[in-house]
Amino acid sequence: MKKIDKLVFSSSWDHSCSPFLVVVFILLLVNMIKYFDDIIGQGFGWDVLGTLLFYFAVSVTPQALPLAILLSALITYGNLGEHFELTAVKSLGISMVRSLAPIFVFTLFLTYFAYLSNNYMVPKAALETYSLLYDIKQKKPALDLREGEFYNGIPDISIKVAKKLRMGLH
């Protein structure tokens, strides 16, 4: 491995974790926003909420990975350009396409990881997520109550909810 490859790869590796965590956090919030009203304040422990967040995080990982790679590459080449390292590489006669090779190889490894993740981890996480949500709905019927709609989740009883009251600080 040449020194330029080590430089670009190490810089790319250093800048790949934080964009990935930020993108996972954003996508996690987007997916969890549907359930925040119903889950928060219902008396569930941190273990249930942590488990649910973990399963949703695993589910959004394949969506977050391409965005994180793109952000990582932009940050890497931005930093290399800011410190005039790209100018040095170009002055040595190394083409820009050649300097992109380490990130391309890194992306191929991450693509293989995403493939394995999509085939094995994501379906299990989705099954566990919706199984846990179903268990929460069975334990706390208030999760299914919607304002202005009839609720038939209790056998032989039909309830129309005019307004849901939120407990806690307002």
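The values are calculated or read from the model by the stated rules, or taken from the named source; none is laboratory data. Note that this is a predicted model, so its numbers are computed, not measured. FYI the Cβ positions are ideal-geometry reconstructions off the backbone, even for glycines, and counts take in every protein chain you see. To get the accessible areas, we keep the full protein, side chains included, count just its heavy atoms, and leave off ligands, DNA and RNA. Shrake-Rupley method; radii C 1.70, N 1.55, O 1.52, S 1.80 Å.
Let's see how each residue does on (1) aromatic (Phe, Trp, Tyr); (2) touching a His at 6+ places or on another chain (Cβ under 8 Å); (3) farther than 30 Å from Glu147 by Cβ:
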position: Phe9; (1), (2), (3): yes, no, yes
position: Cys17; (1), (2), (3): no, no, yes
position: Tyr35; (1), (2), (3): yes, no, no
position: Tyr55; (1), (2), (3): yes, no, no
Condition set of a type in the set (S, T, N, Q), modelled with pLDDT of 80 or more and in contact with a helix residue (DSSP H, G or I) (Cβ under 7 Å, 6 or more places away or on another chain), scope the range 12-55, selection farthest from Val105 (Cα to Cα): answer is Thr51
Given (1) of a type in the set (Val, Ile, Thr); (2) within 30 Å of Lys163 (Cβ to Cβ); (3) open to solvent by less than 30 Å² (accessible area, probe 1.4 Å), Val58 misses just (2)
Checked the range 120-144 for anything open to solvent by 40 Å² or more (accessible area, probe 1.4 Å) and either over 30 Å from Ile154 (Cα atoms) or not in a helix (DSSP H, G or I) (or both); matches are Tyr120, Met121, Pro123, Lys140, Asp144
Of the listed residues (Phe20, Phe109, Phe44, Phe104), the one being over 28 Å from Leu165 (Cβ atoms) and touching a residue at least 40 places away in the same chain (Cβ under 8 Å) is Phe20
Scanning the range 54-96 for residues that are among the hydroxyl-bearing types (Ser, Thr, Tyr) and more than 30 Å from Tyr120 (Cβ to Cβ) gives Tyr77, Thr87, Ser91, Ser95
When Ser117 is run through (1) open to solvent by 40 Å² or more (accessible area, probe 1.4 Å); (2) in contact with a Pro (Cβ under 8 Å, 6 or more places away or on another chain), the failure sits at (1)
Exercise. Could you check, for the range 80-99, whether at least one of its residues is open to solvent by less than 70 Å² (accessible area, probe 1.4 Å), on the phi > 0 side of the Ramachandran plot and of a type outside the set (D, E, K, R)?
Key: yes
Open item on the list: Asn31 - would you say it is in contact with a Pro (Cβ under 6 Å, 6 or more places away or on another chain) and either surrounded by fewer than 17 Cβ atoms within 10 Å (Cβ to Cβ) or under 30 Å from Leu145 (Cβ atoms) (or both)?
Closed with: no
